[in-house]
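Single-structure report; data block below.
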Amino acid sequence: ELSGMENRPAANATNNGRAGIPPMRTRLRRDRSAGVVDAPEAPLAADRSKRVLEMKWEQMFEKLLEYEKQFGNTLVPNRYRADPSLGAWVSTQRRQYKAIQTGKCESSTMSQERIRRLEAIGFVWKTADPRHVPWEDRFNELLAFKEKYGEEAS
């Protein structure tokens, strides 16, 4: 009588004899004599993480461009109901810029290239009250909305 073991994959060196179990991820190796930790996957993971963060920044920048096209400015409210992540992102850009300008930040994802790109679209680094968009800007947005949609929007 068959025990059912015939259908399982044979054990091999890549999975340390654990038939049917995927190989384990490479673990950190410690050279105890030198106190050195060897992480062979760390540079690859760091590169991948950096690329993901760069892609996320680009996506948010594109959203900011769309906002600017729609409203004529880059003064996204911190609590922008239509896209809360955009409001939070804009706030983060201002915070990182301020930290760089005041020397209070040793490491930041804000680069000179990002600063240049934001400034090229009229990004406002400092608002009168960073929690609020100026009243005049909101009023102008209202006028633009009324012009676009007419009196029936009232």
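On full extension, the segment bounded by Leu44 and Thr109 gains 21.5 nm, given 0.36 nm per residue less the C-alpha separation. Quantify, in whole percent, the carbon and sulfur part of the accessible surface of region 54-150 (1.4 Å probe; protein heavy atoms only). Looking at region 54-150 in its full context, I get 54 percent from C and S. Based on alpha-carbon atoms, the Kirkwood radius and the radius of gyration of region 67-154 give Rg/Rh equal to 1.05. Surface analysis of region 50-154 yields an accessible area of 73 Å² per residue, using protein heavy atoms and a 1.4 Å probe.
Which entries of Lys98/Lys148; Lys56/Lys104; Lys56/Lys126; Lys56/Lys148; Lys50/Lys98; Lys63/Lys126 show an alpha-carbon separation above 30 angstrom in the structure shown? Going by Cα-Cα distance, Lys98/Lys148; Lys56/Lys148 fall outside the 30 Å limit.
The values are calculated or read from the model by the stated rules, or taken from the named source; none is laboratory data. A quick note: this is a predicted structure, and the numbers were derived from the prediction, not measured. Side chains are part of the model used for accessible areas, which takes the heavy atoms of the whole protein and leaves out ligands, DNA and RNA. Shrake-Rupley method; radii C 1.70, N 1.55, O 1.52, S 1.80 Å.
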